[in-house]
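The values are calculated or read from the model by the stated rules, or taken from the named source; none is laboratory data. Given the structure is predicted, the values throughout are model-derived calculations rather than measurements. Ideal geometry is used to build each Cβ from the backbone, glycine not excepted, and the neighbour counts take in all protein chains shown.
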Amino acid sequence: MFGSVAADLVRELKNSKWLLPFNESSLHTIAIETRSIMEMITSTVSEFREKLDQPEVLATVMVFHRSVQRNKRCALAYLYKRLERMRQMRWEYSSINFAELSNNLSIHERDYLSKYNRLLGEYCESVGLDLTAVCTPRPGLWNSA
Amino acid sequence: MGMEENGTQEADVLPEDWAQEDDISTEISQEIRKLKRAMLNEKFSPEILPFETSLVHELKEVIEVQDALIDEEELARSSGPSRNSLGLHLRKIEIGRVKYLLRAYLRSRLLKIEHRAKRTLHDELYRSRLSTDEFKYAENFVKLMEAHFQSSFLDQLPEKLRSVDDRDGDVDMSPGPALNRFVFCHVKKNVGTTAISDDPTDQALYLGAGDVYCLRYKPVRDLVESGSIDLL
C-alpha cells in the first residue's frame with residue numbers, strides 16, 4: 001500500500017519525545033516510492049491518452065497523485081517537526097552543543113543548527129540583547145502596577 | 001532622560017545614592033509600564049501585534065545609559081568602603097527588570113514569527129507589523145528551512161515535485177494563527193455594545209471600563225490594537 005512507510009515515519013515521530021536517530025533509510029524509501037508512483041502516472045496517462053475523461057482512468061491517476069502528495073507531506077512534516085524540536089532544545093539549553101544528541105542528527109540537520117545559531121546571534125546583536133538569557137523574571141517584578 | 005530632584009527638603013538629608021534613584025524618572029517608569037503591557041499583550045495574543053518601534057528604541061537608550069552609569073559607579077566604588085552600595089544594587093535590579101521585559105517582548109514575537117514564518121511574510125498585515133530586523137530574520141529563517149527540506153528530501157524527488165506548497169488539495173497545510181482562541185481581557189475604556197462572535201444571531205455584549213471577560217480573540221482584535229482592552 002502506498003504511503004505506509006510515510007505513515008510509519010510520522011508514527012515514529014509521534015511516539016518519541018525528543019530526537020531519535022535520523023531515519024535516513026525511511027526517507028530514502030519514501031523518495032523511491034514516490035518516484036515510482038510518478039512513473040506510473042506518466043505511463044498511465046500515455047497509455048490511456050484518448051480515454052482520459054473516463055472515470056476509471058481519472059480515478060487511478062487521482063489515487064497516484066494523492067499518494068504522492070501524502071508521501072511528500074509526511075516526509076516534510078517529519079523534517080519540520082525535528083527542526084522544531086531542535087530549536088526548542090537550543091532555546092532551553094542555550095547554545096550548549098548537545099554533543100550526545102548530535103549523533104542523532106543528520107549532517108543536514110547539524111548544518112541547519114549551526115546556521116540557525118548564527119542567524120539568531122545576528123538578530124540578538126542587532127537588537128542588543130541576548131534573547132536566550134534568563135527566562136524567569138526576578139521576584140517582585142509583578143508587584144508594581 | 002530627566003533627572004527629577006525631590007523638591008522637598010528630604011532630598012538633602014537622604015544619602016547621596018538614594019537621591020540618585022530619581023534618575024529613573026516618572027516618564028521612564030511610564031514607558032516601562034507600557035512595555036510591560038505590550039509584552040503581556042504579545043504573550044497572550046495568538047497573532048503578532050504591531051511592533052512598538054519608538055518604545056523599544058527609547059528603552060534601549062535608557063538601558064545603555066544606565067548600564068554605562070552603573071559600570072562607572074562600580075568602577076569608582078570597587079576599591080572603596082562603600083563597595084556594596086544599596087542604591088547601586090537597586091539600580092542594577094531595576095535595569096535588570098527592564099531588560100527582562102524587553103527580552104520577553106522580543107522573544108515572544110520571534111517565536112511567533114518562527115512558528116508561522118512563511119505566512120507572516122506573505123500576509124501584508126503581518127509583514128507590516130515586523131521591525132526591519134525581524135523581517136530580515138523571517139526571510140532568512142524561511143530560506144534556511146526550505147534549503148534544509150531540499151537537501152534532506154526534495155532533491156531525491158523528480159524536479160516537478162520539488163516545490164513546498166501550502167495547500168494539499170483542498171486542505172490548507174499551513175493554517176493561520178488560532179484567531180478564535182479564548183483570551184482573558186480587561187476592558188480599560190468604555191467600548192459599548194460590541195459583537196463578540198462571528199455569528200450574527202449571538203448577542204452583542206456591553207463592554208464597560210473595568211470589566212474582565214474571557215472571549216474569543218477574533219472579534220476583539222481591533223480593540224486590543226487600539227488599546228481599549230488589555231490581555232491577561
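Consider B:Arg107 carefully, then state whether it is assigned by TED's automatic domain parsing to the domain that holds B:Val62, modelled with pLDDT of 80 or more and among the charged types (D, E, K, R).
Yes.
Could you grab me the full set of residues in region B:118-134 that are more than 11 Å from chain A (Cβ to nearest Cβ) and either more than 15 Å from the chain's Cα centre (by Cα) or in a helix (DSSP H, G or I) (or both)?
B:Lys118, B:Arg119, B:Thr120, B:Leu121, B:His122, B:Asp123, B:Glu124, B:Leu125, B:Tyr126, B:Arg127, B:Ser128
Just to be sure I understand, how many residues within region B:93-117 are more than 9 Å from every other protein chain (Cβ to nearest Cβ) and in contact with a helix residue (DSSP H, G or I) (Cβ under 7 Å, 6 or more places away or on another chain)?
Within region B:93-117, residues that are more than 9 Å from every other protein chain (Cβ to nearest Cβ) and in contact with a helix residue (DSSP H, G or I) (Cβ under 7 Å, 6 or more places away or on another chain) number 7.
Exactly one condition in (1) within 20 Å of the chain's Cα centre (by Cα); (2) among the aliphatic types (A, V, I, L, M); (3) surrounded by 18 or more Cβ atoms within 10 Å (Cβ to Cβ) is false for B:Leu154; which is it?
(1)
State the number of residues belonging to region B:159-194 that are at pLDDT below 65, under 19 Å from A:Lys81 (Cα atoms) and acidic (Asp, Glu).
Summing the residues that are at pLDDT below 65, under 19 Å from A:Lys81 (Cα atoms) and acidic (Asp, Glu) in region B:159-194 gives 3.
Could you tell me which of the residues B:Leu40, B:Leu49, B:Leu59 is touching a strand residue (DSSP E or B) at 6+ places or on another chain (Cβ under 8 Å), modelled with pLDDT of 85 or more and on the phi < 0 side of the Ramachandran plot?
None of the others qualify; the one that does is B:Leu40.
Given the residues A:Leu27, A:Leu52, which is the only one that is within 14 Å of chain B (Cβ to nearest Cβ) and either surrounded by fewer than 15 Cβ atoms within 10 Å (Cβ to Cβ) or out of contact with any Asp or Glu (no Cβ under 9 Å at 6 or more places or on another chain) (or both)?
A:Leu27
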